[in-house]
1. Give the number of residues within the stretch 10-44 that are farther than 21 Å from Gly78 by Cβ and either over 22 Å from the mean Cα position of the chain (by Cα) or surrounded by 15 or more Cβ atoms within 10 Å (Cβ to Cβ) (or both).
2. Out of all the residues in the stretch 55-63, is one or more open to solvent by 60 Å² or more (accessible area, probe 1.4 Å) and either assigned to a strand (DSSP E or B) or under 24 Å from Ala151 (Cα atoms) (or both)?
3. What residue, among those in the stretch 86-144 that are open to solvent by 30 Å² or more (accessible area, probe 1.4 Å), assigned to a loop (DSSP other than H, G, I, E, B) and small (Gly, Ala, Ser), is nearest to Val75 (Cα to Cα)?
4. Taking the stretch 171-192, which residues are in contact (Cβ under 8 Å) with a residue 12 or more places away in the chain and not aliphatic (A, V, I, L, M)?
5. For the stretch 145-188, which positions are crowded, with 16+ Cβ neighbours inside 10 Å and among the β-branched types (Val, Ile, Thr)?
6. Can you report the number of residues in the stretch 183-206 which are at pLDDT below 90 and basic (Lys, Arg)?
7. Being modelled with pLDDT of 90 or more, part of a loop (DSSP other than H, G, I, E, B) and in contact with a strand residue (DSSP E or B) (Cβ under 8 Å, 6 or more places away or on another chain) is the requirement here; does Thr160 meet it?
8. If we scan the stretch 95-109, do we find a residue that is hydroxyl-bearing (Ser, Thr, Tyr) and either free of Cβ contacts under 8 Å to residues at least 12 places away in the same chain or touching a Phe, Trp or Tyr at 6+ places or on another chain (Cβ under 9 Å) (or both)?
Amino acid sequence: LRASVFHGYARFPLVHAPTQTLFFPPITNVSADGQILWGKTTFKFEIASTWTHDTERSRNPPFKRDDGEPVAPIVLPGQRFSWVVGVEQTIEQFLGDTILIPVVEFIGDSDSELFTDKRPPDDALRFSQNALVFGLDWSFENSVGSRLRLADMMDVANPTDHAMELKYSQRMFTHFTVSAGARWVFAAEGDKLAQLRQLSGLFLEYRLNY
């Protein structure tokens, strides 16, 4: 069991629609997570609460309307709770000496459409308010640490909407890791995940580890 406290700026911004300006408010996040081992099965959980702080910058935003007049105060989200529960199974000696780990997780949020009809100010950028994630982590246990990962995030509110990623990675030399893969986003026009379609395609990453 582990607990943590974070005080800083939000990872995802609020969008001030009249001026199309991004605003990153200060937040405080308190969370706890843990896991329970049962043989080769691992049960995991995480719960967090987030507060968005009202400041002088949110009450008097440092940007203007097109006509030069001050804008209205930024509307901030209220306190929210989020949680993740999941289970994974370790399968050793899968096709030789490799290790395969299937994973299933549920991501929940108190601001989602399943729990409230009131939409928070940052609703447009919260893509995983309630989602099921299915994944596979396949480790080849070789000298370069080859690993293949597949993940599929399904929007519970719109079960036909999916964001998927396939990624292969391995070490190169001593301090470098190279990864290659592809992302696909399948979502109906107007659904929240449809905003992520621009991330679809192939990618190549080269990372320095130190």
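The values are calculated or read from the model by the stated rules, or taken from the named source; none is laboratory data. Predicted model, so just to flag it, every value in this text is computed and none were measured. FYI the Cβ positions are ideal-geometry reconstructions off the backbone, even for glycines, and counts take in every protein chain you see. Just so you know, the surface numbers come from the protein's heavy atoms only, side chains and all, with ligands and any DNA or RNA stripped out. Shrake-Rupley method; radii C 1.70, N 1.55, O 1.52, S 1.80 Å.
1. Going through the stretch 10-44 one residue at a time, the tally reaches 13.
2. no
3. Ser110
4. If the condition is that a residue be in contact (Cβ under 8 Å) with a residue 12 or more places away in the chain and not aliphatic (A, V, I, L, M), then Arg171, His175, Phe176, Thr177, Ser179, Gly181, Arg183, Trp184, Phe186, Asp191, Lys192 are the ones that fit.
5. Within the stretch 145-188, Val156, Thr177, Val185 meet the criteria.
6. Going through the stretch 183-206 one residue at a time, the tally reaches 2.
7. In short, yes.
8. yes
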